[in-house]
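For reference, the structure discussed in these notes is given below.
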Amino acid sequence: MPRVKSPETENNILKAAIECFSQEGFTKTTISSIAKKAGISHATVFLYFSSKEDLFEKAVIGPQHWFYEKQVGLIQSTTGNSLEQLSQMVHLHVDFYMKQADYLRLVQYVFGQKERFRSIVNQIYSYTDQYIDVLEEVVKKVQEEGMIHNDQVRLTCWSYFSFLNGISLTFNENVSSEQMNQFKVSAERILGIGMRT
């Protein structure tokens with residue numbers, strides 16, 4: 001009788017894979033090290049993933065859809081006028097991104113070897129464009145209401161997105177609440193909040 005796959009086990013494997021791949025890279029990471037970190041046998045990994053390459057791709061791409069849905073959810077969950085919504089969204093994004101260092105480190109690893117991982121890179125770009133589209137709509141709405149001024153909204157959204165990635169990769173340990181607040185103020189300024197015309 002075939003074993004029933006558990007979503008919890010699959011998620012644990014993916015979390016372990018993200019951590020291992022982000023620290024050791026694709027070549028040095030072994031299925032055994034991932035299995036050990038996930039608390040399962042080597043063979044169990046292959047019940048869920050056909051190969052190391054399959055696991056790597058799913059560890060990198062799988063969270064992209066979840067990230068996109070999370071970002072849209074953050075935007076939709078905010079309240080108040082458009083400017084207040086944008087400010088709340090920024091605060092939620094900073095809090096969220098600061099918890100994603102291992103995953104973002106893995107994405108940076110992939111981008112550092114674009115030719116080797118071309119298919120994965122293209123998929124990441126596709127998800128990122130979708131996220132930037134949503135963010136751009138929010139910023140334009142605030143701009144149309146005259147609450148901020150920005151001549152290059154899309155470039156600004158990319159700058160904001162890059163800032164979020166940068167702080168989470170650089171300051172992921174022992175960040176004080178004062179630093180977190182400063183990150184939020186800086187992120188708001190990138191989008192033009194607090195710099196109204």
Can you tell me the relative contact order of segment 111-189? Whole percent, Cα pairs under 8 Å, sequence separation 6 or more.
21
R0 of 41 Å, Cβ-Cβ distance residue 177-residue 8: FRET efficiency to nearest 0.05
0.80
Can you report the principal axis dimensions of the chain using only the alpha carbons, biggest first, rounded to whole angstrom?
65, 34, 33
Write down the Å³ per residue value for the convex hull defined by the alpha carbon atoms of segment 1-49.
64
So how much slack lies between residue 125 and residue 140, counting 0.36 nm per residue of separation and subtracting their Cα-Cα distance, in nm?
3.2 nm
Segment 118-197: trypsin sites (Lys or Arg not before Pro) falling in loop per DSSP and having at most 14 other Cβ within 10 Å
196
Within segment 113-144, GluC sites (Glu not before Pro) in DSSP loop having at most 10 other beta-carbon neighbours inside 10 Å
115
Links exceeding 27 Å between C-alpha atoms in this model, out of 58/140; 5/36; 15/141; 15/140; 52/114; 37/99, come to 58/140; 15/141; 15/140
How would you rank 125-131, 60-66, highest first, on the average number of other Cβ atoms within 10 Å across their residues?
60-66, 125-131
Karplus 3J(HN,Hα) series, Hz, for segment 16-30 with 6.51 cos²θ - 1.76 cosθ + 1.60 (x for Gly, Pro):
5, 5, 4, 5, 5, 4, 5, 8, 10, x, 5, 5, 7, 6, 10
Cα centroid distance between segment 65-92 and segment 125-183, in Å?
11
Calculated FRET value between residue 118 and residue 95, using beta carbons and R₀ = 30 Å, to 0.05
0.35
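Bear in mind that the values in this text are calculations on the coordinates, not laboratory data. Here the structure is a predicted model, which means the values were calculated and not measured. With ideal geometry, Cβ positions are generated from the backbone for all residues, glycine too; neighbour counts draw on all protein chains shown.
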